[in-house]
Amino acid sequence: KLDFDVIASTVSDKDSSTIHFPTDLDITVKKRTDLSIKKDASAPYVDANGDIYINYTVIVSSTEGWSDPIEILDQLNKNDSASGEYVKNSFALCKIDSNGTKTSISSYNMAYETVTSTDDSFHITNLDGLKAGERYELTYKVKITKIKRADGSFEFQNAARSNNVN
């Protein structure tokens, strides 16, 4: 009989490591990973030309780290009361390390072909994984292009996801 208490972790670049015991017992230790996404929106505002805009911030973060490439998908959900379009020169993407240091990632600006986009969606792919406590922060603006309600009120939805996390 063998009893033991152990704290194990994998320290390689691999997602898991196997510990082999001579008793034909193998224990696989996997890296703890997590990925979350949060999306915030400003209240709609009107600029000097009378156009209506909404500012969005998408934050993809990891507490324990995420080793796989990261993607960010976003879609404007047009409906009967309103439509909108991305303001393409408004996109800014940065990576923030666990100490709060911000690094701009200009290669994923919407002007570059590394981003797949249409008028109502975009898809950023192959962002580097995140270490524990790091995050990506994406900011952009949407212009409301059509409001169908006579009273000027509208409902406008915008959904985001990252690596199958809504």
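Please treat every number below as a calculation from the coordinates, not as lab data. Keep in mind that this is a model prediction, so the values were computed, not measured. Ideal geometry is used to build each Cβ from the backbone, glycine not excepted, and the neighbour counts take in all protein chains shown.
The table that follows gives values for the structure above.
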| read-out | value |
| --- | --- |
| Formal net charge of residues neighbouring residue 137 (Cβ-Cβ distance under 9 Å; K, R +1; D, E -1) | +3 |
| Environment charge of residue 154, counting only residues whose C-beta is closer than 14 Å and scoring Lys/Arg +1, Asp/Glu -1 | +1 |
| Karplus 3J(HN,Hα) series, Hz, for region 130-145 with 6.51 cos²θ - 1.76 cosθ + 1.60 (x for Gly, Pro) | 10, 7, 3, x, 8, 7, 9, 10, 10, 10, 6, 10, 10, 9, 6, 9 |
